[in-house]
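Undergrad: Sharing a structure with you now.
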Amino acid sequence: MTTVYKPIPAVASFLARKHQLLIGGEWLDACSEKRIEVLNPADKKVISTVAEGASIDVDRAVEAARAAFDSGSWSDIAAAQRTKILWRWADLIEQNADQLVELEVLDNGMPMTLARGFLDHGVGWIRYYAGMCDKITGKNLSDVISSSDARFHAYTQLKPIGVAALILPWNGPIGLFLIKTSPALAAGCACVVKPAENTPLTALRLAELALEAGIPEGILNVVTGFGAAGEALAHHPCVDKISFTGSTAVGKQIIRAASGNLKRVTLELGGKSPCIIFDDADLDEAIPAAAMAIFLNSGQVCFAGSRLYVQRRVYDRVIAGIADFSQSLKVGNGMHPETMLGPLISEQQLRRVNQMVDHGRSEGAEIITAKMPLSDDGFFVAPTIFANVNADMSIVKEEIFGPVLVATPFDTTEEVLALANDTQYGLGAGVFSNNINRIHRVAEKLQSGNVWVNHYGGMQSSMPFGGFKQSGWGRELGEDGFLAFTEQKSVSIQLRDS
């Protein structure tokens, strides 16, 4: 596969720079002076290097964040000023959108249109939370607790939680950086961000723009590094809050690490989300939607609709339709304008997905794989459908995190609800039907933090996002996402007669 891409000057210049850690407003080398090679997953070539931060660098970053927070340089300024700075940050991101999008595609491999969508959503999230800066209000409860015997002036306050450690995954670097930093900064916190080692570049550029926008030194810090840096953040006694997005297994490790000082924890973890198509659905709408529910970003989406349940009368038509649709998806370098599916993030992920596909085949599942030319230059895999699987198969139970769909026919609503809820996860679910009574009933009974009806996916600023069961703790986005970075204080003052 020939790559027809020449980076724009701003991208070429950024890639050529020596990328350091952002600590206390300064760009610093890692104490070890070690570097991490950053690969383009579409061709396996090294595109840049970044500093390999370790626990000693985490100590420096947390110390800087704590000093900046305690100084009040951010939390004590006028709310309107914080709003203005956050809006300025959003404006700068928009002004540098072409550079950021290209960096995202080179770093992660996703198609250009998807990277643009992540950026646009992220800018919207900044502006949404910027509007909350002057809405950090408490309640006056004086009359509620006062009596004829004693009068009180009583009220509550919302205070920023302190130093927030934000640990990011690799599957949506721009979006995940902004979905975590925006509410934390709006609430008045200081942040230490640890991006995934596979995809650190846009985090560094976004932080650079934040400094340009006027975020005070030490309020936003970035430590690039491997998992040990994230582990050090989770254990650190001066971190007040952890927000982590990643696998359920690592999420459980975060919980154990956070127990030392009882850090507040938000976890957005794995999923094995069901997508349900009833026989009264508009199949011309449902088929491509169900296909992209799993194939978007090559299946590297936490809420990917990886388990498909189709009512038996239309099952064969839906499976044939999704198979035909998958054949039309161009897999290739995300820089190519026709590409719809990019590579997987790494050789390790490619190996895992292929092993899961081989295991599904050995378990006896019927397999349909899109026939298309795939380049050996990158970590590419074709869209794959397993039909007529059973609930005990590993490909049905385990999160694969690749473009692999498992499909099962069903007969009744009760049957499909039992199948859909038979999982340790509960992040997303899709329902396609034109029966409004059925829609409401199914949406109510699905054990999932997010239910999309007659469409699939989406994370809106005002809608809380998170999972049931082992898909996580807490919520991001919406008011809940903001409150997660605050603590509530109650103040009661007994009044005396003058």
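Undergrad: Using the beta-carbon distance between ARG438 and ARG351 and R0 = 35 Å, what value does 1/(1 + (r/R0)^6) give for FRET efficiency, to the nearest 0.05? Walk me through the numbers on the way to the answer.
TA: On the way: r = 41 Å, r/R0 = 1.18.
For R0 = 35 Å, the calculated efficiency reads 0.25.
Undergrad: Something else about it: To test your reading of the geometry: what angle, between 0 and 90 degrees and rounded to tens, separates the Cα axis of helix 248-258 from the longest principal axis of the chain?
TA: 20
Undergrad: Name the trypsin sites (Lys or Arg not before Pro) in segment 392-442 that are in a loop by DSSP and that have at most 13 other C-beta atoms within 10 Å, would you?
TA: Working: sites: LYS397, ARG438, ARG441; in loops: none.
Sites meeting the loop and neighbour criteria: none at all.
Undergrad: Mean separation of Cα pairs under 8 Å and 6+ residues apart, divided by the residue count of the chain: what relative contact order is that in percent?
TA: For the chain, the relative contact order is 18 percent.
Undergrad: Expressed as an acute angle from 0 to 90° and rounded to the nearest 10, what is the orientation of the C-alpha long axis of helix 173-187 relative to the principal long axis of the chain?
TA: Computed tilt is about 30 degrees.
Undergrad: Name the residues whose placed amide hydrogens come within less than 5 Å of the amide hydrogen of ILE276, ignoring near sequence neighbours (fewer than 5 apart) on the same chain.
TA: The answer is TYR309, GLY430, VAL431, PHE432.
Undergrad: For ASP91 and ASP280, what is the calculated FRET efficiency with R₀ set at 51 Å and r taken between the beta-carbons, to the nearest 0.05?
TA: Efficiency for this residue pair is about 0.65.
Undergrad: For the chain, what is the Kirkwood hydrodynamic radius in Å, using each pair of distinct C-alpha atoms?
TA: 23.8
Undergrad: Just to check I understand the Karplus step: with θ = phi - 60° and J = 6.51 cos²θ - 1.76 cosθ + 1.60, what whole-Hz values come out for segment 426-431, glycine and proline as x?
TA: Those phi angles translate into x, 8, x, 7, x, 9 Hz.
Undergrad: Residues of the chain: accessible area per residue at 1.4 Å, in Å²? Intermediate results must be reported in sequence, preceding the final value.
TA: Values: 20370 Å² over 498 residues.
Accessible area per residue: 41 Å².
Undergrad: Would you mind calculating the relative contact order of segment 379-485 from Cα pairs under 8 angstrom and at least 6 residues apart, reporting the percent as a whole number?
TA: Values: 146 pairs, mean separation 20.8, N = 107.
Relative contact order here is 19 percent.
Undergrad: Over the chain, what percent of the accessible surface lies on carbon and sulfur atoms, probe 1.4 Å?
TA: So the carbon and sulfur contribution to the accessible surface is 50 percent.
Undergrad: Could you give the angle, 0 to 90 degrees to the nearest 10, between helix 201-213's Cα long axis and the longest principal axis of the Cα atoms of the chain?
TA: Here the helix axis deviates by roughly 30 degrees.
Undergrad: Roughly how many Å² of CYS302 are accessible to a 1.4 Å probe, to the nearest 10?
TA: 20
Undergrad: What residues qualify as long-range amide H neighbours of LYS45, i.e. H under 5 Å apart, gap of 5 or more or another chain, H built at 1.01 Å from N?
TA: Sorted by chain and number, the residues that satisfy this are ASN40.
Undergrad: Quick one: accessible surface of PHE468, probe radius 1.4 Å, all protein chains present, in square angstrom to the nearest 10.
TA: 80
Undergrad: Just want the answer: with Cβ charges of +1 for Lys and Arg and -1 for Asp and Glu, which residue in CYS191, VAL163, PRO337 is farthest toward the dipole's positive end in the chain?
TA: Among CYS191, VAL163, PRO337, the one farthest towards the positive end of the dipole of the chain is VAL163.
Undergrad: Taking a cut-off of 17 Å between Cα atoms, list the lysines near LYS252, but don't count ones fewer than 8 places away on the same chain.
TA: Cross-link targets: LYS241, LYS263, LYS469.
Undergrad: Could I ask something else about it? Based on the Kirkwood radius over alpha-carbon pairs, what is the Stokes-Einstein translational diffusion coefficient of segment 238-387 at 10 °C with 1.306 mPa s viscosity, in µm²/s?
TA: The estimated diffusion coefficient comes to 91 µm²/s.
Undergrad: Using Cα pairs under 8 angstrom and six or more residues apart, how large is the relative contact order of segment 126-285, in percent?
TA: Relative contact order of segment 126-285: 20 percent.
The values are calculated or read from the model by the stated rules, or taken from the named source; none is laboratory data. Keep in mind it's a predicted model, so treat the numbers as computed, not measured. Every residue, glycine among them, receives a Cβ derived from its backbone with ideal geometry; neighbour counts consider all protein chains shown. These accessible areas exclude ligands, DNA and RNA; they are computed on the full protein's heavy atoms, side chains included. Shrake-Rupley method; radii C 1.70, N 1.55, O 1.52, S 1.80 Å.
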